[in-house]
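Asks: Got a structure for you, written out below as structure tokens; questions coming shortly.
The values are calculated or read from the model by the stated rules, or taken from the named source; none is laboratory data. Please read all numbers here as calculations on a predicted model, not as lab measurements. Neighbour counts run over all protein chains shown; Cβ positions are idealised from the backbone, glycine included. Heavy atoms of the whole protein, side chains included, go into the accessibility calculation; ligands, DNA and RNA do not. Shrake-Rupley method; radii C 1.70, N 1.55, O 1.52, S 1.80 Å.
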Amino acid sequence: MIRLSDSELSFIVEYMRENFGINLEKKKVLIECRLSKEAERAGANSFGKYFQMLRQDRTGKIAEGMVNRLTTNYTYFMREPAHFSILTEKILPQVLADGRSGFCNIWCAGCSTGEESYTLAMLLQDFKEKQPGSFQSIRILATDISEEVLECARKGIYPMSELDSIPPQWQKKYCNIIDKKHFKLDEKLKYYIQFDKQNLMDDGKLTDKFDFIFCRNVMIYFDKNSKAKVLKRLERSLKPGGYLFVGLAELLYRDETELKSVYPAVYKKE
């Protein structure tokens, strides 16, 4: 395994912080373990050579490969289910009561392999069927910095080990068994979802306004300054009356956001 010098460690920590907001301080072992094979795959026999190639690469392929190795893409269907109960039982009924039953625009930021996005698609499809005319149109924008995980999400094919986390009624309705190891989600769910590569630190690309933003268990990997920058972007991207969902382990303090806390790890733009 290729080893990192102190100067090389400083370079990669600063590079990931500046470009992607990810804090890798005190992660030397993780970086060495995950990036050694990636460097060798790129044809480098040292991190010094690999970082030189990174600086000179104009295609972005080396940076993309590095990000794929160094980011954590852990997720699953119905993760933190209390949020989905709050959405269907409290927030959506209130939205409809307020007369906002037209176009529902949702952003899943840091969507990884897509389980959260598909969970929302299944949930909202069921909600529409139970509440006819509730929403005329639904759009879910699912973004991530890794093209590798986005490709997995677009396919909608998952290992059988994930099937049990999907409610039984949704298994029957939306899940098609491919073989003993894999199942595929119904193609009609993809009608709601657009998967797109995007860096949360890039403030210029996204101009849409959203009714709901799910950015859960993403900002825990950011340093303080990066978190503040991303949070301001999320606030600007919300419509008035819109809701931001963050991970239950990453609650926001009053001095961090202008949004109002309304439920556990759920914030509203007044």
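Asks: Considering only protein heavy atoms and a 1.4 Å probe, what is the carbon-and-sulfur percentage of the accessible area of the chain?
Replies: Answer for the chain: carbon and sulfur cover 51 percent of the accessible area.
Asks: If you average the sequence gap of Cα pairs under 8 Å that are 6 or more apart and divide by the length of the chain, what percent do you get for the contact order?
Replies: Worked out over the chain, it gives 18 percent.
Asks: Distance from the Cα centre of region 1-23 to that of region 81-158, in angstrom?
Replies: Centre-to-centre distance over Cα atoms comes out at 35 Å.
Asks: While we're looking at this one, here's another question. Mind listing the phi-derived Karplus ³J(HN,Hα) values for region 67-77, rounded to whole Hz, using 6.51, -1.76 and 1.60 with θ = phi - 60°, and x for any glycine or proline?
Replies: 4, 4, 7, 9, 9, 9, 10, 8, 7, 6, 5
Asks: Moving on to the next point. Please state the charge dipole magnitude for the chain, taken about the Cα centre, from unit charges on C-beta atoms (+1 on K and R, -1 on D and E), reported in debye and rounded to the nearest 20.
Replies: Here the chain has a charge dipole of around 200 debye.
Asks: If one takes the longest principal axis of the Cα atoms in the chain, at what angle in degrees, from 0 to 90 and to the nearest 10, does the Cα axis of helix 47-56 lie?
Replies: So the inclination is approximately 60 degrees.
Asks: Shifting gears a bit: Only Cα pairs within less than 10 Å get springs; with that Gaussian network setup on the chain, which residue of Ala82, Ala228, Ala121 has the largest fluctuation?
Replies: Of Ala82, Ala228, Ala121, the Gaussian network model singles out Ala82 as fluctuating most.
Asks: Sticking with this one: Have a look at Phe127, Leu251, Leu87 and report the one farthest towards the positive end of the charge dipole of the chain, computed about the Cα centre with Cβ charges (Lys/Arg +1, Asp/Glu -1).
Replies: Comparing the listed Cα positions along the dipole, Phe127 ranks first.
Asks: Let me ask something else. Angle between the Cα long axis of helix 224-237 and the longest principal axis of the chain, 0 to 90 degrees, nearest 10?
Replies: So the helix axis and the longest Cα principal axis differ by about 30 degrees.
Asks: Oh, and also: Among Gly110, Leu96, Leu70, which residue has its Cα furthest toward the positive end of the charge dipole of region 1-111, with +1 on Lys/Arg Cβ and -1 on Asp/Glu Cβ?
Replies: Result: Leu70, furthest along the dipole toward the positive end.
Asks: A further question follows. Below 8 Å between Cα atoms, with a sequence gap of 6+, how large is the relative contact order for region 137-185 in percent?
Replies: Value for region 137-185: 35 percent.
Asks: Every cysteine in the chain with no other Cys Cβ under 4.7 Å from its Cβ, please list them in numeric order.
Replies: Here Cys33, Cys104, Cys152, Cys175, Cys215 come out as lacking a disulfide-compatible partner, given the Cβ-Cβ threshold of under 4.7 Å.
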